[in-house]
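Take a look at the structure set out below.
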Amino acid sequence: MREILNKLYDTHNLEMDELVYLIENADTKIINDIKYHAKALTLSIYGNKIYIRALLEFSNYCKRNCMYCGLRKDNEKVDRFRLTKNQIIESVGKAYDFGYRSFVMQSGEDEFYTKDLLSDIIITLKENFKGIAITLSIGERSFEEYKEYKKAGADRFLLRHETADQKQYEKLHPDMSFEERVRCLHDLKSLGYQVGAGFLVGLPNSNSETMAENLIFLKNLQPHMVGIGPLIIHNDTPLKNYMNGSVEDTMFFLSLTRLLLPKAMLPVTTAVNTLDKNGLEKGMLSGGNVLMLNLSPPEVKEKYKLYENRETKSVYDLDKVNERLKKIGYEAYIKRGDHIDWSI
Ligand code: 5AD
Ligand code: SF4
């Protein structure tokens, strides 16, 4: 075990069988050692700044049917909404005046926003609000569409791979294929986006091999960001009788991801903060360095319900967040905050 840990700390690389061994045999003492090294590595690269992203959920329409997600097409109980171009500009403008410079635009896979409409929104945002970074999180699209958004001014793109186990992926995502997911991620990288991938912890049929596969997948893809969150049950989905993923496991995989991809932007995800009121602190002390705060207008926030009791913090609660961060030696940073290889 010691040999594997030293290899991880020194080379930031492990083989599949070493990862499986580590995942299966790490006791509390080893887990704490891994966390300690992950945190120290984060500090050595990004210092004590926590990069804040302002998240705007602009549509909860979705044509997909992911088995775990409350926004899936077949869930008829969802009160669907779409923000207009003006509403989007107004929301971003308010947060821009407050000082935010990094915006994430997220939606279900909603074809209402055509290539032209979304490009127009991106161009307008970039024109009106100088110096912002725009991250899109809108799902699977064609190479041409991704290319158009990049040209319009989008800087980054989040598309979690969800699980790197192809069989598991295809069971959980009806009418989708893992191959197509990977195609999207490669296209996004080749187009020059800063790309975010990521996976869910505690999915049905996950085991140590599945989780090791996720880490190897990330190591090969080399994304700039990785979102890792526990599965949280939504009562109007096929997984309603299943159980939530574990926050402790999520922290462990967050630390391992930091050690394997030292420069990655690693958010402490909303799902972690939903399941654990100390999630923020736990996440940062495990190697996280990003936090997303919510920008969506209050009247639509409740409707973006991926899972039960989703706990979102508002961009306008920055003081409270900062107080908590300061207690553990960190501070919020609300400017663009690029991946270290992209900062000037
Ligand atoms: N629990 C946790 N995360 C979820 N997501 C969707 N549904 C759930 C759920 N029930 C995550 C997916 C997706 C991201 C936007 O939200 O990983 O990529
Ligand atoms: Fe749609 Fe995303 Fe939910 Fe899947 S996870 S149903 S793509 S919103």
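The values are calculated or read from the model by the stated rules, or taken from the named source; none is laboratory data. All of these numbers come straight from a predicted model, not from anything done at the bench. When we count neighbours, we look across all protein chains shown, and the Cβ atoms used for this are built from the backbone with ideal geometry, even at glycine. Note: accessible area is taken over every heavy atom of the protein model, side chains too, but ligands, DNA and RNA are not part of it. Shrake-Rupley method; radii C 1.70, N 1.55, O 1.52, S 1.80 Å.
Details
- For segment 114-128, filtered to residues that are in a helix (DSSP H, G or I) and hydroxyl-bearing (Ser, Thr, Tyr), the residue that is nearest to Lys151 (Cα to Cα) is Ser119.
- Inspection of segment 213-229 finds no residue satisfying the criterion of being away from ligand 2 (no atom under 16 Å from the Cβ) and closer than 26 Å to Glu76 by Cα.
- Scanning segment 183-195 for residues that are crowded, with 19+ Cβ neighbours inside 10 Å and either near ligand 1 (Cβ under 10 Å from one of its atoms) or among the aliphatic types (A, V, I, L, M) (or both) yields Leu185, Leu188, Val195.
- Among residues of segment 267-293 that are under 17 Å from Ala197 (Cα atoms) and without any contact (Cβ under 8 Å) to a residue 24 or more places away in the chain, none has a Cβ under 8 angstrom from a residue that is assigned to a loop (DSSP other than H, G, I, E, B) and open to solvent by 30 Å² or more (accessible area, probe 1.4 Å) at a sequence gap of 6+ or on a separate chain.
- Test: residue in segment 5-19 that is in contact (Cβ under 8 Å) with a residue 12 or more places away in the chain, out of contact with any strand residue (DSSP E or B) (no Cβ under 7 Å at 6 or more places or on another chain) and on the phi > 0 side of the Ramachandran plot: yes
- Filtered residues of segment 129-143 (kept if free of Cβ contacts under 8 Å to residues at least 60 places away in the same chain and not in a helix (DSSP H, G or I)): Phe129, Lys130, Ile134, Leu136, Ser137, Ile138, Glu140, Arg141, Ser142
- When segment 200-212 is limited to residues that are of a type in the set (Ser, Thr, Tyr) and crowded, with 17+ Cβ neighbours inside 10 Å, the one that is farthest from ligand 2 (Cβ to nearest atom) turns out to be Thr210.
- Taken together, the residues in segment 86-111 that are farther than 18 Å from Lys303 by Cβ and in contact with a strand residue (DSSP E or B) (Cβ under 7 Å, 6 or more places away or on another chain) amount to 6.
- Flag for Glu323 being without any contact (Cβ under 8 Å) to a residue 24 or more places away in the chain and part of a helix (DSSP H, G or I): yes
- Meets criteria (aromatic (Phe, Trp, Tyr), surrounded by 21 or more Cβ atoms within 10 Å (Cβ to Cβ) and either in contact with a Gly (Cβ under 8 Å, 6 or more places away or on another chain) or closer than 26 Å to Asp319 by Cα (or both)) for Tyr96: no
- Within segment 327-340, residues that are closer than 14 Å to Gly287 by Cα have Cβ atoms under 7 Å from residues that are open to solvent by less than 50 Å² (accessible area, probe 1.4 Å) and of a type in the set (A, V, I, L, M, F, W, C) in these pairs: Ile328/Met284; Tyr330/Ile50; Tyr330/Met284, counting only partners at least 6 apart in sequence or on another chain.
- For segment 65-113, the set of residues classified as outside any loop (DSSP other than H, G, I, E, B), over 23 Å from Tyr193 (Cβ atoms) and within 15 Å of ligand 2 (Cβ to nearest atom) consists of Arg82 only.
- Within segment 144-172, tally of residues that are in a helix (DSSP H, G or I), within 16 Å of ligand 1 (Cβ to nearest atom) and open to solvent by less than 40 Å² (accessible area, probe 1.4 Å): 3
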